[in-house]
Structures are given as C-alpha cells and as structure tokens.
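The values are calculated or read from the model by the stated rules, or taken from the named source; none is laboratory data. Predicted model, so just to flag it, every value in this text is computed and none were measured. Cβ atoms come from the backbone with ideal geometry, glycine included; neighbour counts cover every protein chain shown. Remember, those area values only see protein heavy atoms, side chains included, never the ligands or the DNA or RNA. Shrake-Rupley method; radii C 1.70, N 1.55, O 1.52, S 1.80 Å.
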Amino acid sequence: DGGITQSPKYLFRKEGQNVTLSCEQNLNHDAMYWYRQDPGQGLRLIYYSQIVNDFQKGDIAEGYSVSREKKESFPLTVTSAQKNPTAFYLCASSSGTGRYQPQHFGDGTRLSIL
Amino acid sequence: AQKITQTQPGMFVQEKEAVTLDCTYDTSDPSYGLFWYKQPSSGEMIFLIYQGSYDQQNATEGRYSLNFQKARKSANLVISASQLGDSAMYFCAMREYDAGNQFYFGTGTSLTVIP
C-alpha cells in the first residue's frame with residue numbers, strides 16, 4: 001500500500017542534542033512538508049520541498065533543518081538551537097500537479113525533552 | 001490576514017444528529033482547493049473531503065458534505081448522523097494555484113459526540 005512512514009513514533013532528546021525525524025513516502029509525490037503541532041493547537045509549517053534538492057522555510061524554521069536528496073525522503077533535524085522542541089511532528093506529501101490534490105499525512109512523531 | 005478561519009474551538013453534538021463546522025477563507029486567487037481533515041486523539045490526519053473553486057456542486061463523501069458558498073468565502077463541513085467515532089479535531093485547509101504546493105490550515109474545531 002502507498003503511504004507515508006514516519007519514524008520513530010516517540011523520540012526523546014537530551015539537552016544540546018540534535019535529533020533526526022525520518023519521513024519516507026512511496027506515493028511518488030513531488031512535494032513534501034513538515035509541520036509542528038503543539039497540544040490543542042493547529043499545524044504550523046516548518047519546511048516544505050517541491051522537488052528534490054530544493055526546499056523552502058515555513059513559518060517556524062528556526063532551530064530546524066531538512067534535506068531532500070531523494071524524492072521519497074524528507075528527514076527533519078531538530079537542532080540544539082530549538083529551545084522548545086517538545087511537540088507532535090507531522091510529515092505530509094502531495095502531488096505536484098493537480099492543485100486540488102490533498103496532502104497525505106504520516107502518523108506523526110512525538111518528541112519530548114529528557 | 002488569516003487565510004483560513006475556524007471560529008468554533010469546540011462543538012458538541014448528540015449522537016445521530018447533524019452538525020456543521022464553520023470555515024471561512026481569504027484568497028484573491030480565483031483557482032483554489034478547500035479540504036477538510038479529521039484528527040482523532042491518536043494524532044493521524046485523515047483526509048475527508050475537498051471542494052474546487054470552480055466546482056458548481058457541493059462535494060459529498062458519505063456522511064460528509066461541504067457547504068460551499070463562494071461569494072461568502074465559506075466552506076462549512078456538515079456531518080450527518082453523528083457517531084461516537086466522529087469525536088475528533090477537524091481542520092479546514094486551502095491550497096491556492098498561485099501558491100504552488102503550499103497549504104494553509106485553520107486552528108481546528110474539537111467535536112465531541114454525546115451518546
């Protein structure tokens with residue numbers, strides 16, 4: 001079945017540590033996205049990528065970094081510069097053509113500070 | 001200005017009744033798509049329904065329908081015959097043609113279905 005796989009489901013970060021969240025899709029989608037969701041809140045865009053080797057900052061990119069070396073993969077690194085990383089992180093993808101195509105989401109990663 | 005506005009932080013509905021979740025949007029792009037997602041407490045985002053700006057008829061998917069009023073820039077989600085499993089957060093989203101692949105989300109509405 002086609003879909004988006006996020007791993008790990010739960011992740012703990014120590015002070016001063018960088019951690020990487022994985023996102024893989026086999027939907028052959030061009031565009032991929034990372035969102036942050038705080039408890040009881042909506043989704044805030046961190047980064048998005050429309051094609052391989054290209055990505056744009058979203059509303060809250062500070063303290064995060066991404067890469068897009070393969071179409072299927074869009075990992076997110078939460079750096080030590082992100083002082084409040086505890087949140088639920090959602091990865092999504094969408095077709096690059098057909099502007100009425102929805103985003104498809106992974107099941108999310110819950111990140112906490114130790 | 002907010003691209004998507006959901007003014008109902010929380011809603012309650014009796015089981016088997018219908019409920020309407022409000023969504024208004026702001027765009028000057030004549031070509032756009034509107035989407036609704038459901039997020040249960042487990043966290044995954046489930047795509048429910050979409051409406052294209054040029055679609056003449058309101059979209060329907062099973063018990064979900066989208067009440068699209070273009071002149072008022074509203075795209076309300078109607079859930080008929082509510083079930084206990086409908087209790088979740090609901091998000092309205094928009095994709096503009098000129099914005100490429102960027103999506104805009106509202107702040108969500110928490111729906112609780114009462115037995």
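Take the conditions open to solvent by 40 Å² or more (accessible area, probe 1.4 Å), farther than 21 Å from A:ALA31 by Cβ and without any contact (Cβ under 8 Å) to a residue 12 or more places away in the chain and apply them to B:THR24. Does it pass? No. For the range A:65-84, the condition of being within 22 Å of B:THR107 (Cα to Cα) and modelled with pLDDT under 95 holds for at least one residue. Taking the range B:1-97 and the strands (runs of 3 or more DSSP E) fully enclosed by it, the elements with 1 or more residues that are charged (D, E, K, R) are at B:32-39, B:88-96.
Do we find that B:ASP22 is over 21 Å from A:TYR35 (Cα atoms) and touching an Asp or Glu at 6+ places or on another chain (Cβ under 6 Å) in this structure? So B:ASP22 fails the test.
Taking the criterion of being farther than 12 Å from B:ILE4 by Cα and among the polar types (S, T, N, Q), the residues of the range B:91-115 that qualify are B:ASN101, B:GLN102, B:THR109, B:SER110, B:THR112.
Can you find even one residue in the range A:32-51 that is of a type outside the set (D, E, K, R), over 11 Å from the mean Cα position of the chain (by Cα), away from chain B (no Cβ under 14 Å) and open to solvent by less than 60 Å² (accessible area, probe 1.4 Å)? No: the range A:32-51 contains no residue that is of a type outside the set (D, E, K, R), over 11 Å from the mean Cα position of the chain (by Cα), away from chain B (no Cβ under 14 Å) and open to solvent by less than 60 Å² (accessible area, probe 1.4 Å).
For the range A:64-114: of the residues being open to solvent by 30 Å² or more (accessible area, probe 1.4 Å), at the interface with chain B (Cβ under 9 Å from one of its Cβ atoms) and assigned to a strand (DSSP E or B), which is nearest to A:TYR48 (Cα to Cα)? Once the filter is applied, the top-ranked residue is A:HIS104. Return the residues of the range B:88-115 that are crowded, with 18+ Cβ neighbours inside 10 Å, modelled with pLDDT of 95 or more and of a type in the set (Ser, Thr, Tyr); say none if nothing qualifies. Passing the criteria: B:TYR90, B:THR109. If you go through the range B:98-115 and keep only what is within 21 Å of B:GLU44 (Cα to Cα) and in a strand (DSSP E or B), you end up with B:PHE103, B:TYR104, B:PHE105, B:THR109, B:SER110, B:LEU111, B:THR112, B:VAL113. Residue count for the range A:1-49 under the criterion of being assigned to a strand (DSSP E or B), of a type outside the set (Phe, Trp, Tyr) and at pLDDT 90 or above: the result is 21. The C-beta contact set for the range B:86-103 (first residue farther than 10 Å from B:TYR37 by Cβ, second residue part of a loop (DSSP other than H, G, I, E, B) and aliphatic (A, V, I, L, M), distance under 6 angstrom, 6+ apart or interchain) is empty. Suppose the filter is open to solvent by 10 Å² or more (accessible area, probe 1.4 Å), more than 27 Å from A:TYR48 (Cβ to Cβ) and at pLDDT 95 or above; does B:GLN69 pass it? In short, yes.
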